[in-house]
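Each reported figure results from applying straightforward, stated rules to the coordinates on display, with no laboratory input. What you see is a predicted model, and the numbers here were worked out from it, not measured in a lab. Note: ideal-geometry Cβ built from the backbone for every residue, glycine included; neighbour counts use all protein chains shown.
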Amino acid sequence: MSIPRDPNPSAIADVTAATRGAEAAARQGPLSWAGPRLAAVLLGAACVAWSAAPTRPGGWPAIALTIAIVAVTAGGLRLALADVPESEDSYLLSGWERTWRNFLALLRTVPWEELALLAVVWLEVLHPARPWYTAALGAGLTAYLLITHIAESGADPAVLLGRHAKVLALGACLLALGAGFAMIPAAGPGAGASLLRVLAALAVIAAAALVIPA
Amino acid sequence: MIKIAHIERSVATADPDAVPAAAAQTLGPSIAAAAEETDVRWRPSRHARRLLTLAGAGLLLALVTRRPELAGLAAPALLILGAGRVTHGALPGRLGFRTGLTSTRIYEGEPAAVDVVVSVPASAGTGTGGAASADGFDARWVFEPGRGVEPGSATAANGHAVRFTFSIDRWGKRKLGTATVTLHDRWRLAEARVALTLPTIDCYPSPAIQRTEVVLSKLPNRLGEHRSRVPGDGTEFTGVREYVPGDRQRAINWPASTRLGRLQVNTFAAERSQDVVLLVDATSDVGEPGRSALDLGLRGAAGAAKAYLAGRDRVGVVAYQWGGAHWLAPSLGRRQFYRIVDALLQSDTGFARGAGISRLPRAALPPGALVVAFSPLLDGRFVEALRDMRERGFTLIVVDVLNVGPPRRRGFADNAARRIWNLEQQAIRFSLRELGVPVVAWDGVTALDLPLAPYTRRPLVTRR
C-alpha cells in the first residue's frame, strides 16, 4: 500500500528530465569541481611570479612577495575547503578540532584575494617601467578574479564569460592602450609629460565606461 | 491550493551515490507547501569588492607613480563595475518564494523531494521603476537538511527552480531544514541572500510484512471475511441437511436429494469480522536507533494494522506511555490505517497525559476484541496491564520486540546481574503464558507471519 498522494497536485512542469539530468551530471563531475579551483591557484601563482620577476633585492619587494604568496595560497585553500562544513557544536571540542575550526574561520574571514591583488600590484610598481608586462599582468589579474568567482559561486563559466565577453574585449583594448600611452616618448623632460599621459589614459577609460551598452 | 508555475527546474546531482536525476524526476510533481514574498536587500558581492580593490589600486598607483599602464591595469575591472552599475537599477526589490513537496507523508527510507522556486511577483518594483524579471538575476540554492534528514542529491544547485531529493531513515515528524538562496545580478556584482525554512514532513514507520491473520474462534455477529463456526450466508461449504420450509431453493443439493429421496440443502459457514486492538508499548525505547524496541513495535503495529484492515476487520490502537495512554477506537477502511499511523507517530512525544489502560473507555477496548501487544516487556506496569486485560476476558497475543540485553562484561557482579535480568525476563514471559497469553519473539527483520504462524493456522480459542 503506498501513501496516497494529493488528488490534485500542483505541477512544476516535467522538463526533459533525462537530458537535463545528464547535462547537469556531466557538468558537475569531479573535474568541473576541481578545474576552476586549480585554475584559480595556477593563475594566482602565475601573476605573483610575473610581477616578482626579475626579483629585486631589498626589504619591500620581499615583504610584498611573501604577502602575495601567502594570500594566493590561502585563497586557494579557502576554495578547496569551501565545501567542508563547520561543526555545529562549539563546546567540548578537542584541541585539534578547535584548531581546525579556527583555521577554517581564518581562511573564510580574511579577504585573501584582495590582499594578493594589492601585493601583486605593489610588486609590479617596485619594478622599473615595463608597460607590456603590466598590461599582461592586468589581463592575468582580471582572469584570476573571474575564475576565483566561478570557483566559489559554482557559476557556469560559459554563461558568465559569455555575458562578460564584450566588456572584457573592451578592457583588453584599454589595457593595450594604457601600455601604448606608456610607450609614447615624452614630449619633453619633466614630470608634467608623464602625468599628462596618465590623465589621457584615464580619460580613455572613462569614455569607454560611459559608452558601455547596458 | 497554490499552483506552482511551469518553470524549468534543475536537479542537484553531484553526489554519485545520490538518487539519479531521472529518478528524482520520477518522484512526480510537487504539492505546494508554502509561499511567501520577501523584501530583498542587494549588496555588493565579494567579486565586486575584489574588482573595486584592483581598480582602486591601479588608479591610485597610476596617479602616484605617473605610470599610465597601471591605469590600463585597472581598466577591465572598472568596465565590469560600470556595466554592473548600469543594470543594478533593474533588480527587483521584492521576490516570491514557493516550496513544494512531492509528498507530505513518506515511509522510512522512501525517497522524496522538495522543490523550491524563486520568482518575481507582479507587484515587485525596481530601482528604476521598471518591470523586474527573473532573467535579471541568477540563483544558487544550498539545502541544509534538518535532523534525521538524509540528502539524496547534492545539497547545492543553481537555477530559479530547484529540486532536492532526500530520505528519512527513522519515523517521526521531521523538520526538513532550510534552503538558503544566494541571488546574483547578471554581472555577479550585487548579491542578496534569503533563508527559507522548509516545511515539516511526516515519516511513517515502514510497516512489517504480515500476510496472515490471527482469527478468534468466537467472532462478533458482524459481516466480514473470516469463516465463523456458526452457519450463515457465507461461501464456505460446511455440510448438507434436510430441507425445511423457508430455505432458499438455490441452496438445494440435487444429487444428495436424489440419492436420499428427500430434499437436502447445502449449508455454509457465516463470515464474520473481528475487532483488533493493537497495543504498543512506548514506555521503553532500548536498542540501537532504527532497530530499537519502539521502532520494531511501531513497524509491527503498522504491518498488523495493514493486514487486519485488508481483511475487513475493525482495527484500533492504544499507545501506552509513561503517564498514560492515547488511543484510537477500532474502525474500518484504508483511512483508518493512516489514522492509526498518525496516532503511532505521537509515541515520539514521550510523556503523554491521559488515562491508564484500566481506565480506557469501552470504545477503545471493545469486548471480545483480539489484542495484539507489541512490547519489550520491560515495564512492570505494562505487564500488569496485560494481566489485567487477560483477567477481564480479552484474548491477547504479545509480540516481544526486545532484541538487546545488558552489555556483556567480565566482572562477576556484571555477569550475575545479567543472569538475574535474563531470569526475570523469562519469568515475566512464563507468567504471561501461564495466564494463556502467547508471547512470540520478533526480530524486526523477518515477516511477522513467522512468529505468529502457530496462531494463524487455526482460530485462536477465546477463553474467559
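Using the 10 angstrom Cβ neighbour count as an exposure proxy, how do B:211, B:410 rank, fewest first?
B:410, B:211
Obtain the nm distance between the two label points defined at residue B:122 and residue A:34 by a simple spin-label model: each point lies 7 Å from its Cα along the Cα-to-C-beta direction.
So the label points at residue B:122 and residue A:34 sit 5.2 nm apart.
Please compute the Kirkwood hydrodynamic radius over chain B, one decimal place, Å, based on all pairs of different Cα atoms.
27.6 Å
On average over all directions, what projected area in square nanometres does region B:275-456 have, based on the convex hull of its Cα atoms?
The directionally averaged projection comes out at 10.5 nm².
Taking residue B:218 as the anchor, which aspartates and glutamates have their alpha carbon closer than 20 Å to its alpha carbon, excluding any fewer than eight residues away along the same chain?
Answer for residue B:218, where 20 Å is the Cα cut-off: B:233, B:236, B:271, B:275, B:313, B:391, listed by chain and number.
In whole angstrom, and with the biggest value first, how far do the Cα coordinates of region B:227-272 range along each principal axis?
Computed over the Cα atoms, the extents are 34, 19, 14 Å.
Along the charge dipole of chain B, Cβ charges K/R +1 and D/E -1, which of B:297, B:35, B:279 sits furthest on the positive end?
The residue sitting most towards the positive pole is B:279.
With charges set only on the Cβ (+1 for Lys and Arg, -1 for Asp and Glu), what does the dipole of region B:182-247 come to about its Cα centre, in debye to the nearest 20?
300 debye
If amide hydrogens are placed 1.01 Å from N in the peptide plane, which non-local residues have theirs closer than 5 Å to the one on residue B:152?
Result for residue B:152 returns B:165, B:166, B:167.
Take each uninterrupted DSSP H stretch in chain B, measure its Cα extent along the helix axis, and return the ones at 24 Å or beyond whose mean Kyte-Doolittle hydropathy is at least 0.0.
B:46-65, B:68-88, B:293-310
Might you report the magnitude of the Cβ-based charge dipole of chain B about its Cα centre, with Lys and Arg at +1 and Asp and Glu at -1, to the nearest 20 debye?
Charge dipole, chain B, about its Cα centre: 580 debye, nearest 20.
Return the FRET efficiency for the residue pair residue B:169, residue A:156: r is the Cβ-Cβ distance, R0 is 45 Å, and the value is rounded to the nearest 0.05.
Between residue B:169 and residue A:156 the formula returns 0.85.
Taking the Cβ of each residue in B:322, B:42 as the centre, tally the other Cβ atoms inside 10 Å and list the residues starting with the fewest.
The fewest-first ordering by Cβ neighbours comes to B:322, B:42.
Neighbouring Cβ atoms within 10 Å as the yardstick, rank A:144, B:338, B:204 fewest first.
B:338, B:204, A:144
Between residue A:73 and residue B:447, what is the FRET efficiency for a Förster distance of 45 Å, r being their Cβ-Cβ separation, to the nearest 0.05?
The formula returns an efficiency of 0.15 here.
Quick one: work out the % antiparallel among DSSP beta bridges in chain B, nearest 5.
In chain B, DSSP labels about 70 percent of beta bridges as antiparallel.
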